[in-house]
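Notes follow the structure.
The values are calculated or read from the model by the stated rules, or taken from the named source; none is laboratory data. Values in this document were obtained by computation on a predicted structure and should not be read as measured data. Positions of Cβ are generated from backbone atoms using ideal geometry, with glycine treated the same way; all protein chains shown enter the neighbour counts. Accessible surface areas use protein heavy atoms only, side chains included; no ligands, DNA or RNA. Shrake-Rupley method; radii C 1.70, N 1.55, O 1.52, S 1.80 Å.
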Amino acid sequence: MATEVSLKSRVKEHWEDEACGIRYGEENGDRSRYFRQISEARYALEPYIPPFADFKEAKGKRVLEIGVGAGADFQNWCRYAAHVVGVDLTEAAIDLTRERLSLNSVPPDTYSLRTADAEKLPFEDNSFDIVYSWGVLHHTPNTRQAFAEAFRVLKPGGKLEAMIYHLPSWVGWLLYLQYGLGRGKPRMTAREAIFNHLESPGTKAYTVGEARRFLTGIGFSGIWLSTKLAPGDLLTIKPGRKYSSPIYRLVWRLYPRPLVRLLGDRYGLNLLIKAKKPEDKG
């Protein structure tokens, strides 16, 4: 338990320092433009997010987003849902999302935001029609527990929409080449490389079979899974600080993106999930 608490603290520290997506916004004083740039980059890099989320389906429904980041998806949920609740482990993400919504004149009675732990959601059972989480639940130490919490707070017949990281993937292989073979550790696995070196510490990735098994074990039905190439697979992502050296800039320039695209989504990092909480039989 102490190890999980320590790891969660490190995860929180990582994302407090750089909320998801903010590297794409230019800090020039125009905050509306800043948030617009973040949204534009998000949907240009991962154009499958809007059709996957299908924000319009939230009309008249209660939605929970776990991990709001800089609020791009949350703002879209607010356009359609009867009420949207957003939680994040970090205060930075909550503050950014609140600022975004205020700048865009989103009525404050249509949403609520708060810090919360995905493994211990502060909501009653059967509270939401949709639970949505994009690229978040693989960061918490007990990912299965986070999905179990999503199941608990869904209403019977409610829908889960989530993305977690996938193996095998190009990102996993790239990290293995860098931190395994590149550092004389050939026995390191791609899973270990992701755990130790992708974004916040302790990041996990799952095969399609592993994801299906733990979702089924929790009680989800109607499970649909699909893999997609992520910006990291294609190195179209804007490099973070640790990848700013000349050698990494050369790698970004020479990377064989046409070949990766030609081979398709089978080895994509993003594992898209849709599943339902079964209706009450009574």
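Each Lys or Arg adds one and each Asp or Glu subtracts one; over the other residues with Cβ under 11 Å from the Cβ of Lys228, this totals -2. When you filter the GluC sites (Glu not before Pro) in the stretch 33-108 for DSSP loop state and at most 12 other Cβ atoms inside 10 Å of their Cβ, nothing is left. Mean separation of Cα pairs under 8 Å and 6 or more residues apart, divided by the residue count, gives the stretch 20-142 a relative contact order of 25 percent.
Loop exposure criterion: trypsin sites (Lys or Arg not before Pro), DSSP state outside H, G, I, E and B, at most 13 other Cβ atoms within 10 Å. Applied to the chain, the longest stretch between such sites is 1-119.
Each Lys and Arg adds +1 at its Cβ and each Asp and Glu adds -1 at its Cβ; summed about the Cα centre, the stretch 161-239 shows a dipole of about 220 debye.
What do you get for the angle between helix 208-218 and the principal long axis of the chain? Use alpha-carbon atoms, 0 to 90 degrees, nearest ten. Between helix and principal axis, roughly 30 degrees. In the stretch 3-51, the C-alpha radius of gyration followed by the widest Cα-Cα span (Dmax) gives 14.3, 41 angstrom.
Would you please state the base-10 log of I(q)/I(0) at q = 0.18 1/Å for the stretch 42-89, with intensities from the Debye formula using one equal scatterer on every alpha carbon? After summing over all Cα pairs, the log10 values are -0.52. For the stretch 1-124, the calculated P(r), taken from all Cα-Cα distances in 5 Å bins from zero up to the bin holding the longest distance, is 2, 11, 19, 22, 22, 14, 7, 3, 1 percent. Counting only protein heavy atoms and a 1.4 Å probe, the chain has 49 square angstrom of accessible area per residue. With a ≥ b ≥ c taken as the square roots of the eigenvalues of the C-alpha gyration tensor of the stretch 53-129, please select rounded if a/c is under 1.5 and otherwise prolate if a/b is larger than b/c or oblate if it is not? Oblate shape, in that a/c is at least 1.5 and b/c is the bigger or equal ratio. Per-residue ellipticity at 222 nm computed for the chain from its helices equals -12000 deg cm²/dmol, with DSSP H segments shorter than 4 residues left out and the rest contributing -39,500 (n - 2.57). The alpha-carbon positions of the stretch 83-216 define a convex hull whose volume is 125 Å³ per residue. Distance distribution P(r), the stretch 195-238, all Cα-Cα pairs, bin width 10 angstrom from 0: 21, 39, 32, 8 percent. Between Ser112 and Glu192, the FRET efficiency estimated from the beta carbon spacing at R0 = 30 angstrom works out to 0.20. Convex hull volume of the Cα atoms of the stretch 165-282, normalised per residue: 124 Å³.
Each label was represented as a point 7 Å from its Cα along the Cα-to-Cβ direction; for Leu262 and Ser6 these points are 4.7 nm apart.
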